[in-house]
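For reference, the structure is listed below as structure tokens.
The values are calculated or read from the model by the stated rules, or taken from the named source; none is laboratory data. Model, not experiment: these values are computed from the prediction. In this analysis, Cβ positions are derived from the backbone assuming ideal geometry, glycine residues included, and neighbour counts consider all displayed protein chains.
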Amino acid sequence: DAIQADGTGNTFHSGSVPVGTTLSGGTYQLNDGARGGHKTYDLNGGTSGTGTLVTNASNVFGDGTLANRQTTAADAAYGAAETWDYYKNTFGRNGIRNDGVAAYSRVHYSTNYVNAFWSDSCFCMTYGDGDPSQGWTPLTSLDVAGHEMSHGVTSNTAGLRYSGESGGLNEATSDIFGTMVEFYAANSNDPGDYLIGEELRTNGVPLRYMDKPSKDGSSADCWSRRVGSLDVHYSSGVANHFFYLLAVGSGASSYGNSPTCNGSTVTGIGNAKAGAIWYRALTVYMTSRTDYAGARAASLSAAADLYGSGSTEYNTVAAAWSAVSVN
Ligand code: ASN
Ligand code: ZN
Ligand code: CA
């Protein structure tokens with residue numbers, strides 16, 4: 001019979017961490033029975049199917065180096081577990097569909113693949129190994145795992161369409177909750193920040209910046225009528241900037257410097273309240289066609305429900321949207 005056996009993962013990005021495993025027929029599997037039975041598979045360079053379930057004779061997966069192909073599998077398993085726990089322990093959400101059923105993860109997708117993605121059709125997450133010759137490490141950091149799994153949550157709640165302004169809101173939701181997962185995990189090798197993918201490049205340059213999204217050279221800091229014509233990973237900047245201002249505020253901090261678009265000053269209300277407002281806005285008020293004006297209305301409704309209309313939290317939501325030119 002299969003029994004639960006908490007294992008150890010020696011990851012690439014997050015050091016030595018616990019991973020949920022199952023002992024079956026004398027072999028340990030990367031199969032997390034405590035979190036819906038989340039399994040991690042090795043695609044071994046393939047691009048379809050599940051490849052092989054990651055198993056080992058001992059209950060230790062990976063050695064922290066890329067010479068051991070179970071190392072990135074441990075990263076993926078850990079990221080999925082922290083994301084599951086974040087949603088469960090913060091919002092009482094029992095998995096991506098809130099039905100207790102796990103997704104699964106696939107690592108070693110294709111060759112030199114510099115991306116990761118969520119798929120609704122397989123109900124799974126997939127990670128490339130990056131491209132060492134271009135300075136990219138495997139795409140299995142905590143914030144990326146949280147980002148991809150959160151695409152599943154968005155898909156099963158608001159269903160934000162992946163183009164135009166709703167597409168930017170979809171992407172921002174993944175950056176926001178990927179970041180909340182990174183803070184939740186409190187991993188000393190990959191501590192919380194408001195950068196996306198800061199672990200991925202050997203030169204340390206992140207994919208995106210929530211404090212001032214335009215630092216990446218392409219993302220929007222402020223809403224304008226043309227924002228919906230940008231790639232969704234750039235129109236997300238407006239909502240990422242909103243969230244940063246709501247959580248941290250506009251002043252310079254150890255996390256960055258976040259100038260507002262209207263010259264105002266915003267005092268942050270912290271990650272816990274900002275995250276709760278965004279989660280309620282996403283799961284109760286947003287729909288597939290919600291745009292930036294609709295996101296302002298949705299998050300104000302959420303803040304009113306949680307903290308009261310006219311509360312400091314409610315007023316900060318209004319001020320943070322105005323500070324990114326969503327009026
Ligand atoms: N990693 C990307 C994302 O999750 C993949 C994509 O472009 N959809 O946004
Ligand atoms: Zn995304
Ligand atoms: Ca990060």
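Please enumerate the residues belonging to the range 275-327 that are among the β-branched types (V, I, T), in contact with a Ser or Thr (Cβ under 6 Å, 6 or more places away or on another chain) and touching a residue at least 60 places away in the same chain (Cβ under 8 Å).
Those that are among the β-branched types (V, I, T), in contact with a Ser or Thr (Cβ under 6 Å, 6 or more places away or on another chain) and touching a residue at least 60 places away in the same chain (Cβ under 8 Å): T283, T290, V317.
Please determine, by comparing only the residues of the range 181-191 that are within 23 Å of L245 (Cα to Cα) and more than 7 Å from ligand 3 (Cβ to nearest atom), which one is nearest to the chain's Cα centre (by Cα).
V181
Going by the conditions given, is A303 closer than 18 Å to D175 by Cβ and in a helix (DSSP H, G or I)?
no
Any residue at all in the range 222-230 that's within 16 Å of ligand 3 (Cβ to nearest atom) and out of contact with any Lys or Arg (no Cβ under 9 Å at 6 or more places or on another chain)?
No, the range 222-230 contains no residue that is within 16 Å of ligand 3 (Cβ to nearest atom) and out of contact with any Lys or Arg (no Cβ under 9 Å at 6 or more places or on another chain).
Residues in the range 128-166 that are in contact with a helix residue (DSSP H, G or I) (Cβ under 6 Å, 6 or more places away or on another chain), more than 16 Å from ligand 3 (Cβ to nearest atom) and farther than 19 Å from K212 by Cα: how many?
Qualifying residue count, the range 128-166: 7.
Taking into account only those residues within the range 234-266 that are in contact with a helix residue (DSSP H, G or I) (Cβ under 7 Å, 6 or more places away or on another chain) and of a type in the set (V, I, T), which is surrounded by the most Cβ atoms within 10 Å (Cβ to Cβ)?
Among those that are in contact with a helix residue (DSSP H, G or I) (Cβ under 7 Å, 6 or more places away or on another chain) and of a type in the set (V, I, T), it is V238.
Could you please let me know if G263 is more than 25 Å from T90 (Cα to Cα), without any contact (Cβ under 8 Å) to a residue 12 or more places away in the chain and over 23 Å from the mean Cα position of the chain (by Cα)?
In short, yes.
Filter the range 172-211 for residues that are at positive phi and touching a residue at least 24 places away in the same chain (Cβ under 8 Å) and give the result.
G197
Please give the number of the condition R106 fails out of (1) in contact with a Leu (Cβ under 7 Å, 6 or more places away or on another chain); (2) within 12 Å of ligand 2 (Cβ to nearest atom); (3) assigned to a strand (DSSP E or B).
Failed condition: (2).
Does S299 satisfy being of a type outside the set (D, E) and farther than 22 Å from V181 by Cα?
no
Give the residues of the range 111-153 that are over 18 Å from G51 (Cα atoms), surrounded by fewer than 24 Cβ atoms within 10 Å (Cβ to Cβ) and within 16 Å of ligand 2 (Cβ to nearest atom), sorted by residue number.
Correct list: V114, N115, D120, H151, G152.
Please verify whether the range 180-194 includes one or more residues that are hydrophobic (A, V, I, L, M, F, W, C), at pLDDT 95 or above and either within 19 Å of V107 (Cβ to Cβ) or within 15 Å of ligand 1 (Cβ to nearest atom) (or both).
Yes, the range 180-194 contains a residue that is hydrophobic (A, V, I, L, M, F, W, C), at pLDDT 95 or above and either within 19 Å of V107 (Cβ to Cβ) or within 15 Å of ligand 1 (Cβ to nearest atom) (or both).
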